[in-house]
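This report concerns only the one structure given below.
The values are calculated or read from the model by the stated rules, or taken from the named source; none is laboratory data. From a predicted model like this one, the values you see are computed outputs, not experimental measurements. Neighbour counts run over all protein chains shown; Cβ positions are idealised from the backbone, glycine included.
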């Protein structure tokens, strides 16, 4: 590699910041996304989800390095407001399309009003991908399987 001493030292410094465990996790995430490419309704989606996951891992690890660990109080976690239906929905979508299931992992279920289920996406591009013509039939089929009846699915952007 033909790089100046300054660039080489910068690259070396960056490489030293990545732990072997983090590198292994990143490789695993990208390998899984590569395996999901043939089944993806949207060709770039598995890689986009992998980038978000790797970035999230990086963000959480850098935050942990900056702040000392504080033990959380022993509290029973609250019951999921959706009654565990999100997990069931992800499981139902997984065999149909891994990318849609991956997108659902980063969402929350809202309420069911009448025949309309609200899904809250935290990112606008997740919302767009779930609203796409390719994702809608998969999402509708999974929702019907989990809720026992067909429901209209409305995707909205959740407030952070």
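Evaluated against (1) at pLDDT 85 or above; (2) outside any helix (DSSP H, G or I), residue 75 falls short on exactly one condition, (1).
Counting only residues that are more than 20 Å from residue 52 (Cα to Cα), touching a helix residue (DSSP H, G or I) at 6+ places or on another chain (Cβ under 9 Å) and surrounded by 12 or more Cβ atoms within 10 Å (Cβ to Cβ), segment 1-39 holds 0 of them.
Output yes when any residue across segment 104-114 is assigned to a helix (DSSP H, G or I), within 24 Å of residue 51 (Cβ to Cβ) and modelled with pLDDT under 95, and no when none is. Yes, some residue in segment 104-114 is assigned to a helix (DSSP H, G or I), within 24 Å of residue 51 (Cβ to Cβ) and modelled with pLDDT under 95.
Scanning segment 123-148 for residues that are free of Cβ contacts under 8 Å to residues at least 12 places away in the same chain and over 20 Å from residue 49 (Cβ atoms) yields a count of 2. Within segment 119-131, being surrounded by 17 or more Cβ atoms within 10 Å (Cβ to Cβ) and over 15 Å from residue 90 (Cα atoms) holds for 127, 129. Do we have residue 102 as at positive phi and outside the structural domain of residue 44 (by TED's automatic domain parsing) here? No; evaluated as a whole, the condition is false for this residue.
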